[in-house]
Amino acid sequence: MVPTLVILATILLALHSFGEYRATVSQLSERHTHALMTASRLMQQSESMLGSGAMLLLADDHFSRRQALFEITDRREWMERLVDELAAIRGEAGSFDDIERVRDQLMESFDALDALVQRRIDLVGQLQQAPDETSDALLRETERLLARQMRTNRSLSQDLSVAIGYHVSGIRLDIRDAAEQMEQQLRQREGALKGFALLAVLLLLATAYHINRSVVRRVVKLQRVISRERPAPHELRVDGSDEIAQMARSIQRYVHRINDNERRIMTMNRELDFLATHDALTQLRNRHYFERELNERRNALAAEGYCVAMIDIDHFKAINDTHGHEAGDRVIRCVADRLRRGLPESALLARYGGEEFVALLPGFDIDTVVPMLEQIRQGLESHSIELGETALRVTASFGLAQQLPGGEFDEALKAADEALYRAKRSGRNRVMYRWLSQDDSGDAAYG
Amino acid sequence: MGDAFSRRLAVVLLASLSFLAIPGLASQTLLRVELQLEPPHLDPTLTAASTVAEALHLNVFQGLTRIDRHGEVQPALATRWEVSEDGLVYRFALRSDVRFHHGRTFDSGVAAYSLRRLLEVENANPQRHLFQAIRHVEEVGTHELRIELAQPDALLPFRLALSAAVIVHPDTVHTNRSHPVGTGPYRFVDWERNEGIRLRAFEAYWGEPPAIREALFTFTPNRVELENLLSEGAIDLYPDASSLTAHMPLMQRADYVIQDGLSEGEVLLAMNHGRTLFQDLRVRRALSHAIDREALLTIYPSIDPPLIGSHFSPRHPAYVDLSQRYPYDPERARKLLAEAGFSGGTPIALTVPPTQYAERSSLYIASDLEAVGFEVELQRVSWGEWLRQVFTERDYDMTVIAHVEPMDIDIYARDDYYFNYHSETFRELWSRIEAQQDPAERHRLLAEAQRHLAEEAVHVFLFLKPQQAIRKSNLQGVWDDAPIPAVVLEELYWE
């Protein structure tokens, strides 16, 4: 707003200056040209009067005399008006008495000259018709008077030129003064104009800087933050209360909302993922996960060696039937818990079926695993599970097998399952495993 | 801030630049026309001074019809007209889109008012006599005028095109003398003595807007001053440069062009028939023989205007060449004067109006008159003085004057005219001419009228006034001839 006003003010000042300049120039040119023209016309007429006087002097008939007289009268009439005009232009600047006095004397002199010329023409006419001495003498006298009158005329014309010259010089001085005055005014105005222009430029620069600071930089910062893949809301903070700050706050709110939604989706994804790979009751891995994991780790397992154990809760159906599903679930959870605590961290433990669990123990051999399983079995056996008022004693059977030479995991699993089956058949609540014999060909030796 | 603002800034700067450029432009649009004779006032319906018509007719004022540059009648405020078979009724259809400069509209009421005013004796219209045939003027609706005549007048459309028949509005008839208001393409701005009459293009003009937007008519009777102004290039157009002494040097200048042309002006050495001296036919005939009209033409260095022997234009079809009726013969003149009882030394005053042709002719005339025994006093007067002393008060012996109105031989039938010429024969002849409808017969009667004036040697009929306009070489559209006294600004333009 302010720069616009300053620019407008500068333009107005410039226009005003131009207007004044134009007015002054036109006034100068009009008034002074007029004055100068008037003075020079006057000068020219006063000089031309001499020529008209000569014409009058040379007139040898009345035609030429009248012609010269017409011209003299015209010049006189115009000179009178020119003097009036000059007086009106110059005003107080000078006295015109001199011009008027000399002019009047000159006109009287012309009248006298005309009378003499007229007499001469008439005398010459008379002499041509009838020469006589008196007329002849009179003619000579007239000629003498004419010569004298011409001298007077000439001197008066010169006087008139000098008197007019005085005013011409005055006009020239007036013009010089006016030009100087105008130049001074112009210089002042030029200075003011330059000042205004400088101020306008400074204000423009300040405005540009301000706009850069308050708008461009903030917008660029905002844009940079937004264009990141994951903008942080705190980075989107913009100070102030203008539109940019409001816009930034809106963006901030959107980013917040987007981040919240994303978090919620991630959690849901994690939950879904957990549900897809875990057993909801025991929080152990489920069979699907176990098999997928085995598939992925097949090569590593083959190289590293492993044991695999199958665990089944004894008489679970009876527990379920007697104490209900909730009690059954509680038992499954307790067994799972025992297994989790009893097996090493690296073991992959999963609920395999209703009351059946499977555990893969990579890098372990049977000698290490059997005591672990035995400890778990004993732990189960020795601790009863509280079911309301009753305490339930729960046992489990364990089937264990290790990697079979050249055999696939499925075969080891099958061997573990067979070992479990044998444990069940052998009275339950025990750990059965298949020893790996020297010439293991599939027929197992069990311990 | 960016583009829109810079554009606006550019517009402002451009506007201011063009604003600054105007003075240069203005000097080219102001046209200065010099007319020499300062008008007595500005109402052409109230004066015979043709300078009023020259400045204002067709510029400020318009009639129902107008005369074009070829002397033909054209429509103006009337678009067309019809005349009844018996020649006694004219019907003029009027334009409906015309406004006066003071905003009032033009209609049949205004037109009828204007013509009725023309006919009223007390309004002293200088050309009222030309319209005496009109018996009745009647409005028909708002834009038609019906004019009923007492006797047929085939020249009515021509007469209505003359400056004295321009249409004026009743609101302004009393102020038109100082502030003329008409319907023309230019409106009056101001008139200051010694400064001139300023006209400016009228924005609401019904016709095409004129190319010249502003004009200044100046009046410089002083030959020395006039020639000086011309040589300074201060004058753009001066319609009457024929007899300037600086004529030849001005012809050589590249910035000026002198056009050859003739006016309808008969230049007369007019005599006051009220003076006893001129009541003697022998004296009048002696005067006609005394003037060497051929020698007089030397005042025109570059044109040879036709000599005349009566008050009639050689351009009119009814013209009879009587220019040699009184050949230059000073001996015969002296003899005639002697017969009439005048010997040498008879004093005679020649009143000279401030026109170039009159001033320069008067020198020759004075010498010629002195050569046959008169003692001549040249009285140079201003135009105002001439109008008052000669034209109105009829206090003069002789004068040199051009009668520029076309077809104005009827002035010799007027008792109230400044010639003081009273001829029953001529009056009777003129009424026959006016009543005559047959063109051939009319021409025969006009020839008779010309012969009558020549035989009577009513004046010394000198020559048809040339109209050599001097104009700036880039000023176009100036009329070559002057069939009527008018400077038609509307048709001028700068090249």
For residue A:124, the lone unmet condition from (1) within 14 Å of chain B (Cβ to nearest Cβ); (2) in contact (Cβ under 8 Å) with a residue 40 or more places away in the chain; (3) surrounded by fewer than 16 Cβ atoms within 10 Å (Cβ to Cβ) is (1)
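Quick check on this structure: which one of B:375, B:393, B:331 is under 23 Å from residue B:129 (Cβ atoms) and surrounded by fewer than 17 Cβ atoms within 10 Å (Cβ to Cβ)?
Working: B:375 fails: under 23 Å from residue B:129 (Cβ atoms); B:331 fails: under 23 Å from residue B:129 (Cβ atoms).
One residue alone meets the criteria, B:393.
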Please go through (1) more than 10 Å from chain B (Cβ to nearest Cβ); (2) within 29 Å of residue A:112 (Cβ to Cβ) for residue A:81 and return the number of the only condition it doesn't satisfy.
(1)
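Among B:361, B:343, which is the only one that is at negative phi and more than 14 Å from every other protein chain (Cβ to nearest Cβ)? Show your work before the answer.
Numbers: B:361 fails: more than 14 Å from every other protein chain (Cβ to nearest Cβ).
Sole residue among the options that is at negative phi and more than 14 Å from every other protein chain (Cβ to nearest Cβ): B:343.
Looking at the stretch B:438-471 only, could you name the residues that are part of a helix (DSSP H, G or I) and aliphatic (A, V, I, L, M)?
Step one: list which residues in the stretch B:438-471 are part of a helix (DSSP H, G or I), which gives B:439-455.
Those that are part of a helix (DSSP H, G or I) and aliphatic (A, V, I, L, M): B:440, B:445, B:446, B:447, B:449, B:453, B:454.
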Residue B:396 vs. criteria assigned to a loop (DSSP other than H, G, I, E, B), at pLDDT 90 or above and either within 14 Å of chain A (Cβ to nearest Cβ) or closer than 17 Å to residue B:50 by Cβ (or both):
no
Per the list (1) more than 30 Å from residue B:183 (Cβ to Cβ); (2) away from chain A (no Cβ under 14 Å), residue check on residue B:231 breaks on (2)
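Could we say that residue A:148 is touching a Leu at 6+ places or on another chain (Cβ under 9 Å), farther than 24 Å from residue B:367 by Cα and either in contact (Cβ under 8 Å) with a residue 40 or more places away in the chain or exposed (fewer than 15 other Cβ atoms within 10 Å of the Cβ) (or both) here?
On the way: touching a Leu at 6+ places or on another chain (Cβ under 9 Å): no; farther than 24 Å from residue B:367 by Cα: yes; either in contact (Cβ under 8 Å) with a residue 40 or more places away in the chain or exposed (fewer than 15 other Cβ atoms within 10 Å of the Cβ) (or both): yes.
Considered against the rule, which asks whether it is touching a Leu at 6+ places or on another chain (Cβ under 9 Å), farther than 24 Å from residue B:367 by Cα and either in contact (Cβ under 8 Å) with a residue 40 or more places away in the chain or exposed (fewer than 15 other Cβ atoms within 10 Å of the Cβ) (or both), residue A:148 comes out as no.
Of all residues in the stretch B:211-226 being more than 14 Å from chain A (Cβ to nearest Cβ) and surrounded by fewer than 22 Cβ atoms within 10 Å (Cβ to Cβ), which is nearest to residue B:190 (Cα to Cα)? Walk me through it before giving the result.
As a first pass, look at the stretch B:211-226 and keep what is more than 14 Å from chain A (Cβ to nearest Cβ): B:211-217.
Now narrow it down to the ones that are surrounded by fewer than 22 Cβ atoms within 10 Å (Cβ to Cβ): B:211, B:213-214, B:216.
Details: B:211: 20, B:213: 15, B:214: 12, B:216: 10 Å.
Ranking the candidates gives B:216 first.
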Filter result (surrounded by 18 or more Cβ atoms within 10 Å (Cβ to Cβ) and either among the β-branched types (Val, Ile, Thr) or part of a strand (DSSP E or B) (or both)) within the stretch B:61-82
B:61, B:65, B:66, B:67, B:78, B:81
The lone condition residue B:412 fails out of (1) closer than 29 Å to residue B:214 by Cα; (2) of a type in the set (Ser, Thr, Tyr); (3) out of contact with any Gly (no Cβ under 8 Å at 6 or more places or on another chain) is (1)
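Of all the strands (runs of 3 or more DSSP E) wholly in the stretch A:339-447, which have at least 3 residues that are modelled with pLDDT of 90 or more, of a type in the set (A, V, I, L, M, F, W, C) and closer than 30 Å to residue A:329 by Cβ?
Values: elements: A:348-351, A:356-362, A:385-387, A:390-392, A:396-402, A:431-435.
The strands (runs of 3 or more DSSP E) meeting that bar are A:348-351, A:356-362, A:396-402.
Would you mind finding the one in B:317, B:327, B:347, B:406 that is more than 20 Å from residue B:49 (Cβ to Cβ) and touching an Asp or Glu at 6+ places or on another chain (Cβ under 6 Å)? Explain how you work it out, then say what you get.
Working: B:317 fails: touching an Asp or Glu at 6+ places or on another chain (Cβ under 6 Å); B:327 fails: touching an Asp or Glu at 6+ places or on another chain (Cβ under 6 Å); B:406 fails: more than 20 Å from residue B:49 (Cβ to Cβ).
Exactly one of B:317, B:327, B:347, B:406 is more than 20 Å from residue B:49 (Cβ to Cβ) and touching an Asp or Glu at 6+ places or on another chain (Cβ under 6 Å), namely B:347.
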Search result, residues across the stretch A:45-67 that are surrounded by 20 or more Cβ atoms within 10 Å (Cβ to Cβ), more than 10 Å from chain B (Cβ to nearest Cβ) and part of a helix (DSSP H, G or I)
A:46, A:49, A:53, A:56
Among the candidates B:406, B:354, which residue alone is within 14 Å of chain A (Cβ to nearest Cβ), in a loop (DSSP other than H, G, I, E, B), touching a residue at least 40 places away in the same chain (Cβ under 8 Å) and under 23 Å from residue B:47 (Cβ atoms)?
B:354
Only one of A:5, A:12 is within 12 Å of chain B (Cβ to nearest Cβ), within 30 Å of residue A:186 (Cα to Cα) and exposed (fewer than 15 other Cβ atoms within 10 Å of the Cβ). Can you tell me which?
A:12
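The values are calculated or read from the model by the stated rules, or taken from the named source; none is laboratory data. Everything quoted here is computed from the prediction, not taken from an experiment. We place every Cβ from the backbone using ideal geometry, glycine too, and count neighbours over all the protein chains shown.
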